[in-house]
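Below is one structure, written out as structure tokens; the observations come after it.
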Amino acid sequence: MANQNRGGIEGFKDKLQAKRSAILYVLVVAALFFALAGWALLPEQVALRYNNGVLTNYVAKNTALLAHLGISVGFALMFWKWPREIVYLVGSVLGVILSAAVLVTNLGMI
């Protein structure tokens, strides 16, 4: 009876565990969408950093896309396996944000 009134972070973890398949689906689709958009729109060399009005730290487009896709999907799968570990969810969301940031930085949207 006492376990049904779990509050705070434990209640949040229970909700994440119940919805883990839907969360995995959203994270993987978002990661694949940004990878596909980056593959279609970005030049062959992409900058990873915007420093004092200048793009810096250039790498190959495919390297950046695969790294961000690996971070996003890898952490999403780890979250699906262990849904009570919030750090895996945070890692996957940060991977998706990194993919979006590379698009924004290199397409001149700043």
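Of note:
- Principal-axis tilt of helix 20-41 within the chain, Cα atoms, nearest 10 degrees: 0 degrees
- With the simple spin-label model, which puts each label point 7 Å out from Cα in the Cβ direction, the residue 32 to residue 13 separation comes to 3.1 nm.
Where a number appears in this text, it was derived from the coordinates with a stated rule and is not lab data. Since this is a predicted model, take the numbers as computed values, not measurements. All Cβ positions, even for glycine, are placed from backbone atoms using ideal geometry, and neighbour counts span all protein chains on display.
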